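Here, each number is a calculation from the coordinates, and none is a lab measurement. Since this is a predicted model, take the numbers as computed values, not measurements.
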Amino acid sequence: MAHDVLKSIADTLEARREASPQSSYVASLFHKGEDAILKKVAEEAAETLMASKDKDRLHLVREVADLWFHSLVLLTWHGLRPEDVIMELKRREGISGIDEKASRNGQE
């Protein structure tokens with residue numbers, strides 16, 4: 001089910017990519033370019049951290065939703081979809097975090 005929601009959002013984001021900036025918030029972000037999208041992701045990440053420190057569970061869930069949404073916008077900017085991230089998470093499943101990180105040495 002969660003995968004279906006992410007796919008639906010990604011489909012909508014792709015449709016808005018070429019839309020008029022006056023027609024939607026997402027279209028306006030795409031029109032402003034990558035720096036505007038990156039700024040929103042950073043802003044939402046900071047708000048997520050602050051919500052966690054506030055110990056307000058509902059606030060945290062809402063901020064994580066904002067962060068995920070803007071991360072999906074960023075993926076769309078780069079021609080990627082949530083399925084790409086899900087495939088990477090599946091690849092990592094069952095691999096220790098230490099081993100996975102070591103496998104990326106030299107790739108970063």
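Is it possible to state the helix-based mean residue ellipticity at 222 nm for the chain, with each DSSP H run of 4+ residues giving -39500 (n - 2.57), the sum divided by total residues, to the nearest 500 deg cm²/dmol? What is it? Before the final figure, lay out the partial values.
Numbers: 6 runs with 83 residues, N = 108.
Here the helix-only value at 222 nm equals -24500 deg cm²/dmol.
I'm spelling it out carefully: the read-out is P(r) over Cα pairs in 5 Å bins from 0, in percent, the candidates are [x] 2, 11, 16, 18, 19, 19, 10, 4, 1, 0; [y] 2, 9, 9, 12, 11, 9, 9, 11, 13, 9, 4, 0; [z] 2, 11, 18, 23, 22, 14, 6, 2, 1, 0, and one was derived from this structure. Which label?
[x]
Under 22 Å Cα-Cα from LYS32, which lysines qualify once same-chain neighbours fewer than 8 residues away are excluded?
LYS40
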